[in-house]
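The block underneath contains the structure these notes are about, expressed in structure tokens.
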Amino acid sequence: MSDTTTLAPPVSETSRETSTAVPYRDVGEFLRRTVRYYGPVLALYGVLKLIGFSVFMYLLDSDGGFRTRNPRFGGGAHAWDVLATWDGWWYQQIAAHGYHPALVQVPGATGLITLEGNSAAFFPLYPATMRLVSDATGLGLYGSGMLVSVVASFAAALGIYAVTARFGGRRAGLAAAGLWAVWPGSGLEWSAYSESLYIALAVWACHAVMTDRWLTAGVLTFAAGLGRPTAVALIAALAVAALQTLHRRRENLAGPWIAMAIAPLGLIGYLLWVGNEMGDLAGYFKLQSGAWAHSFDYGKQTVDVFSSMAVGHFDYLFACPFEDIIGVAVVLLAALLIPLLIRLRPPSVLLVHTLLTLALVLGSQQIFGNVSRYLLPCFPLFIPLAVKLRTLGLPTLCLVLGIAAVASGSYGGYVLFEVGVP
């Protein structure tokens with residue numbers, strides 16, 4: 001199959017069948033069919049996100065605590081300023097001033113934090129896109145970052161719909177796009193953070209693998225590797241799927257090989273560049289560990305969090321009870337959904353990506369309350385739940401997701417930004 005795709009909506013879509021395009025008499029007909037086919041997905045996601053976002057903004061404004069906080073750490077003159085604090089502040093600094101990688105010791109520091117924070121810990125794709133949009137539109141870095149995230153979140157919703165519809169049809173795809181809008185951690189989707197852009201790339205990379213468009217998959221995975229370090233899970237998933245394809249095929253072998261060659265270059269290239277600039281090839285990992293206490297500990301902290309919370313203690317590292325309870329609930333939900341996902345016999349690219357992302361997140365020492373954010377890329381977990389939800393009538397489905405959207409303003413946004421440290 002050639003590495004080309006069509007923007008035309010398929011005539012029909014059934015479980016485990018690929019989409020087929022039909023010819024169009026004119027551009028107007030193409031646009032009408034496209035809007036009719038994809039419009040409900042975008043409308044459902046947009047309405048649900050708008051509900052959750054409005055509740056989030058209302059809660060922030062009602063609390064008012066942001067007005068007394070440092071604009072870098074969850075503060076600002078307006079409620080919406082909070083959306084570009086914490087990591088968002090770093091992304092804006094990179095977009096404005098570029099990188100200056102360095103490992104700088106904090107004088108006399110001992111313990112977990114021994115290095116000064118440096119922008120090199122944040123991958124370049126999102127701030128580069130933010131700067132490009134700002135230069136092109138004049139919106140400014142904050143407005144451009146928000147525009148990139150919002151547009152990418154809709155692209156991710158379409159991708160989640162397209163992947164899920166292959167398992168359970170159009171209704172399941174709609175449910176999955178709705179779940180993306182209300183999932184724990186969803187407050188990051190409309191903020192100056194890199195999650196939406198990364199997940200949009202990851203979703204469509206997986207879809208490209210599933211539809212045998214290997215060059216597209218390789219390029220998208222390359223880009224995702226410039227977006228977030230957890231792209232290592234996507235790279236591995238693509239490699240597994242490519243090797244399986246090579247094992248089955250006797251012709252058209254170039255695509256999988258090229259995809260495997262291209263996919264890791266973004267991630268590896270950035271890590272090597274940072275290491276070279278720092279004079280230490282392991283510089284990125286030393287920075288993450290020494291400045292943010294973020295390192296791979298084989299699950300030691302995760303076990304500590306679960307064992308402590310099970311007996312009502314909150315004396316573990318970076319404890320934040322409200323946020324951590326949501327994190328624990330997300331992990332338990334993921335544990336319940338994984339067997340259901342496996343029962344659907346998904347393509348290996350989806351399963352490997354999900355399992356490795358879970359392993360990377362739960363195997364790391366970090367602020368545990370951010371787990372709901374870090375597990376957002378595990379979008380295949382939406383599939384079994386969406387397949388179950390498709391049995392609901394459309395009004396009932398919209399009501400269920402609408403209630404979840406109202407609640408998501410708290411658990412998906414406010415708790416992450418205002419109660420915890422996103």
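The values are calculated or read from the model by the stated rules, or taken from the named source; none is laboratory data. Treat the numbers as computed from the prediction; the structure is a model and nothing was measured. Neighbour counts are summed over all protein chains in view; Cβ atoms, including those assigned to glycine, are modelled from backbone coordinates with ideal geometry. Heavy atoms of the whole protein, side chains included, go into the accessibility calculation; ligands, DNA and RNA do not. Shrake-Rupley method; radii C 1.70, N 1.55, O 1.52, S 1.80 Å.
What the table below lists for this structure:
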item	result
Contact order normalised by residue count of segment 137-249, Cα under 8 Å, 6+ apart, percent	24
Label-point separation, Tyr58 to Ala319 (7 Å along Cα→Cβ), nm	3.4
Ordering of 244-254, 228-238 by burial proxy (mean other Cβ atoms within 10 Å per residue, highest first)	228-238, 244-254
Rg to Rh quotient for the chain, alpha carbon positions, Kirkwood Rh	0.96
Cα-based reach from Lys300 at 21 Å (exclusive), listing lysines while leaving out same-chain residues under 8 positions away	Lys286
On Cα atoms only, tilt of 231-248 relative to the major axis of the chain in degrees	30
Pair-distance profile P(r), taking every C-alpha pair of segment 18-101, with 5 angstrom steps and integer %	3, 12, 13, 12, 11, 10, 9, 9, 10, 7, 3, 1
Alpha carbon Rg of segment 356-419, scaled by the compact-globule rule 2.2 N^0.38 Å	1.37
Check: the chain dipole with +1 on Lys, Arg Cβ and -1 on Asp, Glu Cβ, in debye	1360
Other-chain or far-sequence residues with amide H under 5 Å of Ser364's (modelled H)	Asp297, Gly299
Estimated D of segment 294-356 in µm² per second, where Rh is the Kirkwood radius over Cα pairs and Stokes-Einstein applies at 10 °C, 1.306 mPa s	118
Whole-number Å³ per residue for the convex hull built on Cα positions in segment 123-171	82
Cα centroid separation - segment 146-185 against segment 376-422, whole Å	11
14 Å reach of a label modelled at Ser348, 7 Å along Cα-to-Cβ, counting backbone N of segment 224-240	235-240
0 to 90° range, to nearest 10: angle between helix 283-292 axis and the chain longest Cα axis	60
Lys/Arg +1, Asp/Glu -1 at C-beta; segment 265-422 dipole; positive extreme among Leu376, Phe306, Val400	Val400
Spread of Cα-to-Cα distances over 5 Å intervals beginning at zero, given as percent, for segment 36-159	2, 10, 14, 16, 17, 17, 11, 7, 4, 1, 1, 0, 0
Distance histogram for segment 266-418 (every C-alpha pair counted, 10 angstrom bins, percent rounded to whole numbers)	9, 29, 33, 21, 6, 1
Acute angle (nearest 10 degrees) that the helix 265-278 long axis makes with the longest principal axis of the chain, alpha-carbon atoms	20
Segment Ser307-Glu116, length gained on full extension (0.36 nm per residue, minus Cα span)	65.6 nm
Whole-number Å³ per residue for the convex hull built on Cα positions in segment 154-301	148
Stokes-Einstein D in µm²/s, Kirkwood radius over Cα pairs - segment 216-348 at 4 °C with 1.567 mPa s viscosity	72
Estimated Rh, segment 172-215: Kirkwood, alpha-carbon pairs, angstrom	11.7
Dipole of the chain [Lys/Arg +1, Asp/Glu -1 at C-beta], most positive-end residue of Thr68, Gly117, His78	His78
Accessible surface of segment 302-363, 1.4 Å probe, proportion on carbon and sulfur as whole %	74
Computed [θ] at 222 nm, deg cm²/dmol, the chain (DSSP H ≥ 4; -39,500 (n - 2.57); rounded to nearest 500)	-20500 deg cm²/dmol
Space enclosed by the convex hull of the alpha-carbon atoms of segment 79-128, per residue, Å³	101
Packing-based ranking, highest mean first, of 106-116, 156-166 given that Cβ atoms within 10 Å are counted	156-166, 106-116
